[in-house]
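Working notes, structure below.
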Amino acid sequence: MLTVSMSVNGRKVSRKVEGRTLLVEFLREHLGLTGTHVGCDTSQCGACVVHVDGASAKACTLLAAQAEGTEVTTIEGLAKNGELHPMQAAFKEHHGLQCGFCTPGMVMSAVDLLKRNPDPSETEVREWLEGNLCRCTGYHNIVKAIRAAARAMAG
Amino acid sequence: MYDFAYHRPASLEEAERLLSGASDGTLIAGGMTLIPALKQRLASPSDVIDLSGVAGLSGISEAGGAIVVGALTPHAAVASDAVVTARVPALAALAAEIGDPQVRNRGTLGGSIANNDPVADYPAAVLGLGATVRTNRREIAADDFFTGMFETALEDGEIVTAVSFPVPDKAGYTKFSNPASRYAVVGVLVSRGPAGTRVAVTGAGPCVFRSAELEQALAGDFTAAALDAVTVAAEGLNSDIHASADYRAHLVGVMAKRAVAACG
């Protein structure tokens with residue numbers, strides 16, 4: 001067992017974990033933050049995407065210990081003062097979710113995209129979502145939502 | 001996944017000490033290959049030694065006509081780096097096509113080449129650009145580094161610290177990606193420069209290799225047309241559900257031509 005400490009959604013947390021504990025297990029089982037989903041558990045589907053020091057990462061393919069000392073943001077950390085993040089609002093407005101399982105990962109991935117490219121083309125959005133799978137195949141509205149969020153965030 | 005002891009050393013010396021003291025220790029950089037392997041119990045090390053706490057292993061600089069990329073530099077940083085983009089655009093383009101964005105945020109150059117997956121992209125860059133691999137003990141020429149399937153010249157306790165890529169006059173990389181995994185069914189890097197005329201092929205064989213016949217054809221005339229008459233032999237190439245050896249041999253020629261064309 002080892003003690004890992006990090007900041008999750010702005011809150012300092014510290015827990016005793018096994019070396020093999022994954023970041024996604026740490027978030028879901030140790031902290032009760034179940035918004036981050038486990039889909040494939042093989043780093044392909046992207047349902048577990050969170051931000052580690054601002055960059056999107058698959059929490060199922062990261063040891064909790066590797067995130068020691070970092071700032072982690074999960075889907076629970078996006079809304080501020082009860083107001084949805086513009087990306088969440090855009091997914092809602094443009095019906096960017098069907099069953100909702102892939103949504104947290106899609107949203108976290110999309111937020112990272114807009115940080116790097118505030119005005120992505122449809123092709124750029126689709127390319128960026130290479131590591132996020134939607135089994136409802138709802139990509140069309142997801143892409144629409146992300147481009148709408150880009151416009152909203154540009155003000 | 002079986003449990004293991006996790007360590008995060010602050011120096012290469014400490015990492016080496018931990019590695020030699022473990023009954024079956026392994027290094028972790030980005031973990032993009034190791035963690036899936038641990039989950040499948042393809043690997044069950046006693047100790048996992050995380051290099052991310054060792055200072056000086058990440059970053060990109062230019063010195064003496066070469067671009068030096070630290071072993072822990074993630075693919076996304078190589079893909080977007082101004083120096084790499086300006087001086088070796090083929091290397092930036094190759095890094096930009098590895099896996100998906102999240103893999104590129106975590107996966108590292110050093111981890112990729114130390115693992116030497118036969119379908120990985122970076123081995124083609126290191127071999128095709130005639131790079132030099134720096135370790136905690138010595139420098140290893142690319143031609144001597146990749147020794148077989150998942151095998152390298154690295155000795156026990158040896159740790160990749162950086163790779164030095166000589167700036168080529170021309171270089172291009174093209175791959176035929178597996179549509180699901182984005183790994184190279186065949187990837188070819190061609191270059192001309194201080195390391196000569198080089199053609200490195202990944203994905204096609206059990207280990208990245210140089211194609212003597214393609215290099216010979218390009219040495220006199222570095223154009224896609226110069227490759228028209230060259231036939232690549234299928235002997236020794238991989239045959240699996242994704243592609244037969246014959247098809248891969250054909251793709252080597254096609255990817256090589258496109259890579260030359262991509263040099264501009």
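The values are calculated or read from the model by the stated rules, or taken from the named source; none is laboratory data. This is a predicted model, so every value here is computed, not measured. Positions of Cβ are backbone-derived with ideal geometry, glycine not excepted, and every protein chain shown enters the neighbour counts. For accessibility, only protein heavy atoms count, side chains too; no ligands or nucleic acids. Shrake-Rupley method; radii C 1.70, N 1.55, O 1.52, S 1.80 Å.
Scanning region A:30-55 for residues that are open to solvent by 40 Å² or more (accessible area, probe 1.4 Å), facing chain B (nearest Cβ under 10 Å) and hydroxyl-bearing (Ser, Thr, Tyr) yields a single hit, A:THR42. Which residue is nearest to A:ASP119 (Cα to Cα), if the candidates are limited to region A:68-95 and must be small (Gly, Ala, Ser) and surrounded by fewer than 24 Cβ atoms within 10 Å (Cβ to Cβ)? Among them, the one singled out is A:ALA89. The set of residues in region A:1-29 that are outside any strand (DSSP E or B), open to solvent by 20 Å² or more (accessible area, probe 1.4 Å) and in contact (Cβ under 8 Å) with a residue 24 or more places away in the chain comprises A:ASN9, A:GLY10, A:ARG20, A:GLU25. Counting the residues of region A:92-112 that are part of a loop (DSSP other than H, G, I, E, B) and in contact (Cβ under 8 Å) with a residue 24 or more places away in the chain gives 8. When the residues of region B:178-196 are filtered to those that are open to solvent by less than 40 Å² (accessible area, probe 1.4 Å), under 30 Å from B:SER244 (Cα atoms) and not aliphatic (A, V, I, L, M), the one that is modelled with the lowest pLDDT is B:ASN178. Taking region A:113-142, which residues are assigned to a helix (DSSP H, G or I) and buried (at least 21 other Cβ atoms within 10 Å of the Cβ)? Passing the criteria: A:LEU113, A:VAL125, A:TRP128, A:LEU129, A:GLY131, A:ILE142.
Tell me which residues, restricted to region A:38-65, are at pLDDT 95 or above and farther than 14 Å from B:GLN102 by Cβ. Within region A:38-65, A:VAL38, A:LEU63, A:ALA64, A:ALA65 qualify. For region B:7-35, the set of residues classified as hydrophobic (A, V, I, L, M, F, W, C) and in contact with a Gly (Cβ under 6 Å, 6 or more places away or on another chain) consists of B:ALA10, B:LEU19, B:ALA29, B:MET32, listed by residue number.
Annotation: of all residues in region B:88-134 being farther than 17 Å from B:ALA66 by Cα and among the β-branched types (Val, Ile, Thr), the one that is farthest from the other protein chains (Cβ to nearest Cβ) is B:ILE113. Taking residues in region B:170-183 that are over 25 Å from B:GLY196 (Cα atoms), and partners anywhere that are at pLDDT below 95 and open to solvent by 30 Å² or more (accessible area, probe 1.4 Å), the pairs with Cβ atoms closer than 6 Å and at least 6 places apart or on different chains are B:ASN178/B:HIS242. Every listed requirement among (1) out of contact with any strand residue (DSSP E or B) (no Cβ under 6 Å at 6 or more places or on another chain); (2) more than 10 Å from chain B (Cβ to nearest Cβ); (3) in contact (Cβ under 8 Å) with a residue 40 or more places away in the chain is met by A:VAL72 save one, (1). Looking at B:PRO168, is it assigned by TED's automatic domain parsing to the domain that holds B:HIS250, on the phi < 0 side of the Ramachandran plot, open to solvent by less than 30 Å² (accessible area, probe 1.4 Å) and outside any strand (DSSP E or B)? The answer is yes for B:PRO168.
Inclusion of A:MET153 among residues that are surrounded by 15 or more Cβ atoms within 10 Å (Cβ to Cβ) and away from chain B (no Cβ under 14 Å) is warranted.
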